[in-house]
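Worksheet: the structure to be examined is printed underneath.
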Amino acid sequence: MAENSRVFLSPIVTTAAAAGYTCERLKSQQQKASNVAAAPTAPLNVVCIASHFKGEEFLRECGRQGARVVLVTRQRTAREQWPREALDDVLTLPDDATAELVTHVVCHLARTRKLGCLIALEEFDVITAALTREHLGLPGMDASTARGFRDKLLMRRKARDAGIKVPDFVHVNNYEEMGEFMENVPAPWIIKPRSDVSASGIRKVDDAEQVWRTIEALDAREAWQEKSTYYLLEQFVAGEVFHVDSVVEGGEVLFAGASCYGRPPLNVVHDGGVYTSFTVEYDTDEHTQLLELNRRLLKALGHERGAAHAEFIKGEGDGEFYFLEIAARVGGAYTAETLEAASGINLWREWARIELAHARGDSHARPRPRREYGGIALSLARQEHPDTSGYDDPEIVQRVEKPNHVGLIVRSAERGRVEELLGQYGERFSRDFSAYVPPPERRGINL
């Protein structure tokens, strides 16, 4: 056994020393051997890539089901509160590690163990994971499909081709096409990066002069992927913003929840304030339309298996839904926890079950959600550890525990009660806790 252990460890440790990353072995070879002996079949090897701290419940579920889990992360997140009891190894890469290095590291893992699945837990890792799967011939989303969930220009074209309404848009590249767009589409407009997340990097502009000045500033940047051709120009549509969060298997949506933002994310990111989100009322026209749009969108983008977070806006002028963006991941800002409060279904956990069942050749039963209402109020806080003991409503099911953040998740059988509580918390948070930090602009993100 000792000789086998030495051979098993050697490629990982050698690669770590040569490539400048570290390997944290969390379970001994004796533990691994015991697990294998107790299991009817060899444990499934799962590699999860996460350049940010996300997906803890996905990792826990893999561990609960007996999978051998390796986490590939970065130096900045290596010491976060990962569920190490569920992990076999943590491979820590430099913060500036390239997709090629990630692929190289995973390939060395695959020399000594047969990989069952490779999962990106964070949006910035979706394409890296897809490229690595292709290189190793692993099942899962390929790079071409993944780009449809990362490139806002490509996803808009695919949605439009599928007959889904999108705000008018144009690629920031051809001057004639941009001029025609600004002549025909009334201002204001939005300039947004094609590959960033949430509302990061988005600028609202009111006239053509601002557009050209912004383009000039972008083109003055040194890095190619910070220049203007990695942006799009889009019609600004005012209205309520909604999100649909789902899990998919075999191209079929197994579960989806529709929610409404209390304030558009763009406003929260750029102006500060309290973020709120709550369940859309069941069996209404809004609820039905959102779930159907989400189904059509996922089909158009070719999503076969995994999680998805899609956003739509209901135009103030015409009452129509317009597609905004989608990602092949679980939504951030405690979306999974809020949806679980309403439905009893945790998106991370369900996604892990889907992936493991597929890798093992097993069937996965459709989840059976309850139909209650959930909501969240969340804000940056001036205090490192805000005291929310004065918030004692019985509907509170979770308190956010994160430095310099304050948040409460509520659950009720009545949607009106959820909205009432979120309204109260928004006012009280603003007075008691809220802080504002301008969003950093991320640069040089690969498409």
Search result, residues across the stretch 51-75 that are in a helix (DSSP H, G or I) and among the aromatic types (Phe, Trp, Tyr): Phe58
Among the residues of the stretch 311-348, what is the count of those that are free of Cβ contacts under 8 Å to residues at least 40 places away in the same chain, surrounded by fewer than 19 Cβ atoms within 10 Å (Cβ to Cβ) and either touching a strand residue (DSSP E or B) at 6+ places or on another chain (Cβ under 6 Å) or under 18 Å from Glu61 (Cβ atoms) (or both)? 1
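Go through the stretch 131-208 and tell me which helices (runs of 4 or more DSSP H), entirely inside it, have 3 or more residues that are exposed (fewer than 15 other Cβ atoms within 10 Å of the Cβ).
Values: elements: 143-147, 152-161, 175-184.
Because the criterion is at least 3 residues that are exposed (fewer than 15 other Cβ atoms within 10 Å of the Cβ), the helices (runs of 4 or more DSSP H) in the stretch 131-208 that meet it are 175-184.
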Taking the stretch 236-260, which residues are farther than 20 Å from Leu297 by Cα and either out of contact with any Gly (no Cβ under 8 Å at 6 or more places or on another chain) or in a strand (DSSP E or B) (or both)? Phe236, Gly239
Pull up the stretch 66-111, narrow it to residues that are within 21 Å of Arg133 (Cβ to Cβ) and among the polar types (S, T, N, Q), then point me to the one that is surrounded by the fewest Cβ atoms within 10 Å (Cβ to Cβ). Thr98
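Per-residue answers, yes or no, for (1) without any contact (Cβ under 8 Å) to a residue 40 or more places away in the chain; (2) in contact with a strand residue (DSSP E or B) (Cβ under 7 Å, 6 or more places away or on another chain); (3) β-branched (Val, Ile, Thr):
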site: Ile119; (1), (2), (3): no, yes, yes
site: Phe149; (1), (2), (3): no, yes, no
site: Trp189; (1), (2), (3): no, yes, no
site: Arg213; (1), (2), (3): yes, no, no
Are there any pairs with C-beta distances below 9 angstrom linking a residue in the stretch 83-110 that is under 18 Å from Arg25 (Cα atoms) and without any contact (Cβ under 8 Å) to a residue 40 or more places away in the chain to a residue that is in a loop (DSSP other than H, G, I, E, B) and small (Gly, Ala, Ser), with the two at least 6 apart or on different chains, and if so which? Ala86/Ala67
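Taking the stretch 391-410, which residues are out of contact with any strand residue (DSSP E or B) (no Cβ under 8 Å at 6 or more places or on another chain) and more than 16 Å from Glu80 (Cα to Cα)? Steps first, please.
Taking the stretch 391-410 and keeping what is out of contact with any strand residue (DSSP E or B) (no Cβ under 8 Å at 6 or more places or on another chain), we get 392, 394, 401-403.
Result: Asp392, Pro394.
Is it true that some residue in the stretch 106-116 is part of a helix (DSSP H, G or I), within 21 Å of the chain's Cα centre (by Cα) and of a type outside the set (Gly, Ala, Ser)?
Here is the first cut: in the stretch 106-116, the residues part of a helix (DSSP H, G or I) are 106-110.
After this cut, where a residue has to be within 21 Å of the chain's Cα centre (by Cα) as well, the list is none.
No: zero hits.
No value in this document is a laboratory result; all are computed from the given coordinates. Note that the structure is a prediction, hence the values are computed from the model and not measured. Virtual Cβ from ideal backbone geometry, glycine too; neighbours counted across all protein chains shown.
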